[in-house]
Structures are given as structure tokens and as C-alpha cells.
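Undergrad: Structure provided below as C-alpha cells; questions to follow.
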Amino acid sequence: GAVVSQHPSWVICKSGTSVKIECRSLDFQATTMFWYRQFPKQSLMLMATSNEGSKATYEQGVEKDKFLINHASLTLSTLTVTSAHPEDSSFYICSARSTSGLGNEQFFGPGTRLTVL
Amino acid sequence: DQQVKQNSPSLSVQEGRISILNCDYTNSMFDYFLWYKKYPAEGPTFLISISSIKDKNEDGRFTVFLNKSAKHLSLHIVPSQPGDSAVYFCAASLVGSGNTPLVFGKGTRLSVIA
């Protein structure tokens, strides 16, 4: 159990376009999901906490108008990178914590590699 | 202020020997600790955890030790295998804090040499 999927797994886009990344908890419900970004050879950087039915909470330095997060259901959160630029190229990872019974772990998706040309 | 610290960015170990990865934390309120393993271009996968009421938890080749007074935990892998080569993240949380993310260290890259 406790599988988190992400789609797409990789995407290449032109500068100035928007890209949507989906994060789904496949076999459990998640009131809270988290979005991370990882640059090469660096740690995971928490971008925002996504709460089902309410606004996301962004970490300091993360532009909420650029990284739009929607958590419309207990199994789906989306991250939209708006007006993407080459510096947004990165590996984006989501994670989810279960609403019940699965302890304190966060379960991570496989990640989405975004390349902005 | 980094609440979870992994001071060794990398570690190399011979196959068959023991790998010891260390982690220190500063927040005495943390009461649950986890280790994650991450391969390149993949999401982290949960490896092993320990509650603050214990000082040791073992799962096959992996053992996590917790020293609360020193605010220190370590992950032992024995015997180490080439497939263990990955980045290992230490994480900490407060029990019941379902809406807050785990606090991660910066990771230690383990290389197991055949």
C-alpha cells in the first residue's frame, strides 16, 4: 500500500509556457500533500504544503503566483509552473501523508523532471 | 536554522563492510525519526523509522540507533551491498503532526564499492 504517482514523469517545454504536474495518492487518502524541488546533487527543498480544500502554504522564497498548487480532492494535488523559464528546470517531487493508519511516513512520488528550453 | 543535520555529504564503503550514516537534530520536540533512500531521478523511498521511546530498531540489514540525550541517530547497514549506493536522507517529525512536513537533512551519498 501507500503508493503515490506523478504525471508526467518528464516534460520538456518552451520558455514562457505553463506546465501542470499531477500528484495522486493511489491507495490512500491524503489531506495533506507536499511539493519538493531537487536541484542536482542537492537536498530536497520543500516548496509548499498542499491542503485539501484550502489554500496551499508556501515556504519562504517560493513564488505562489508562479507555482500554483491545487488540492481539489483527497487523492489529487496539482502543481502548475506558470510562465516557465530555464531556471525552473528541476526535479519536482510530491509526497503525501495518510489521513489514517499509516504512521508518520511521508510517501513520495517518483518525481517529474522538468526541462525548460 | 537547520534542525536536522547530516554532516557527511558522502561516504564510501567496501562491499560487505558496515556503513554507518549519522544524523543530528536540534529540536528536542521531535519524537519520530525516519530514514529514506533515494536513487537518482527517483523519489525517496522509506527505509526504516524509530520512535523516541526506543533506542534501536532493526529490519534485516538495516538498524537505526537513537541517542536522545545526544540528539543523534545513526543508520547501520551491514553487510553493505553495491545496490545500497544511493543518497540517504534522515528525517524527523512530531507524532500527530499530520499537516506538517517531515524535516529532512541534506542527505549523505553512500557509495558501496565492489
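The values are calculated or read from the model by the stated rules, or taken from the named source; none is laboratory data. As the structure is a prediction and not an experimental result, all values here were calculated from the model. So basically every Cβ, Gly included, is an ideal-geometry build from the backbone, and we count neighbours across all protein chains shown. With ligands, DNA and RNA removed, areas are computed over all heavy atoms of the protein, side chains included. Shrake-Rupley method; radii C 1.70, N 1.55, O 1.52, S 1.80 Å.
Undergrad: For B:36-42, what's the mean count of beta carbons from other chains sitting within 10 Å of each residue's beta carbon?
TA: That average works out to 4.
Undergrad: For the stretch A:10-73, what does the alpha-carbon gyration tensor say about shape, rounded, prolate or oblate, given a ≥ b ≥ c as the root eigenvalues, a/c under 1.5 as rounded, and a/b over b/c as prolate?
TA: Working: a/c = 1.43, a/b = 1.37, b/c = 1.05.
The shape class here is rounded.
Undergrad: What residues of the stretch B:55-94 lose no less than 30 Å² of accessible area with every protein chain in place versus their chain by itself (probe 1.4 Å, heavy atoms only)?
TA: B:89
Undergrad: So for each of B:82-91, B:48-57, A:105-114 I average, over its residues, the number of other beta carbons within 10 Å; can you give me the resulting order with the highest mean first?
TA: Working: B:82-91: 19.8, B:48-57: 14.5, A:105-114: 22.0.
Answer by packing, highest mean first, reads A:105-114, B:82-91, B:48-57.
Undergrad: Next question. Tell me, which cysteines of chain A are without a disulfide-compatible partner by the Cβ under 4.7 Å rule?
TA: Lacking a cysteine Cβ partner under 4.7 Å: A:13.
Undergrad: Now a separate question. Is there a simple number for the mean count of other chain Cβ atoms within 10 Å of the Cβ of residues in B:101-108, and what is it?
TA: Working: counts 14, 8, 1, 6, 2, 3, 5, 0.
So the per-residue partner count for this stretch is 5.
Undergrad: In the protein assembly as shown, if every C-alpha pair distance is counted and binned at 5 Å from zero, what percent goes to each bin?
TA: 1, 7, 14, 18, 19, 16, 12, 8, 4, 1, 0
Undergrad: So, one more: To the nearest hundred square angstrom, how large is the accessible surface buried between A and B, total for both chains, probe 1.4 angstrom? Intermediate results must be reported in sequence, preceding the final value.
TA: Numbers: alone 6400 and 6320 Å², together 11140 Å².
The summed interface area works out to 1600 Å².
Undergrad: Then there is this: Sort A:79-87, A:67-75 by packing, meaning the average of other beta carbons within 10 Å per residue, with the highest value first.
TA: Numbers: A:79-87: 15.6, A:67-75: 17.3.
Order by mean packing, descending: A:67-75, A:79-87.
Undergrad: Just the accessible area per residue of the stretch B:30-111, please: how many Å² with a 1.4 Å probe? Mind showing how you got there, number by number?
TA: Numbers: 3480 Å² over 82 residues.
The answer is 42 Å² per residue.
Undergrad: Name the residue, out of A:16, A:53, A:61, whose mean-square fluctuation peaks in a Gaussian network model built on chain A with Cα pairs under 10 Å.
TA: In the Gaussian network model the winner is A:61.
Undergrad: How big is the charge dipole of chain A about its Cα centre, in debye rounded to the nearest 20, if each Lys and Arg gets +1 on its Cβ and each Asp and Glu gets -1 on its Cβ? If you can, show how the numbers build up before the last one.
TA: Values: 10 positive and 9 negative charges, 35 e Å.
Roughly 160 debye for chain A.
Undergrad: Turning to a different aspect of this structure: Taking the convex hull of the alpha carbon atoms in chain A, what volume per residue do you get, in Å³? Intermediate values should be presented prior to the final figure.
TA: Details: hull volume 11.2 nm³, N = 117.
Convex hull volume per residue, Cα atoms: 96 Å³.
Undergrad: Averaged over its residues, how many other protein chain Cβ atoms are within 10 Å of peptide A:48-58's Cβ atoms? Present the calculation step by step, with values, prior to reporting the outcome.
TA: On the way: counts 1, 3, 0, 1, 0, 0, 0, 0, 0, 3, 0.
Counting Cβ atoms of other protein chains within 10 Å of each residue's Cβ and averaging gives 1.
Undergrad: What is the dipole size for the protein assembly as shown, taken about its Cα centre, with +1 at each Lys and Arg Cβ and -1 at each Asp and Glu Cβ, in debye to the nearest 20? Please list the in-between numbers first.
TA: Working: 21 positive and 18 negative charges, 51 e Å.
With Lys and Arg at +1 and Asp and Glu at -1, about 240 debye.
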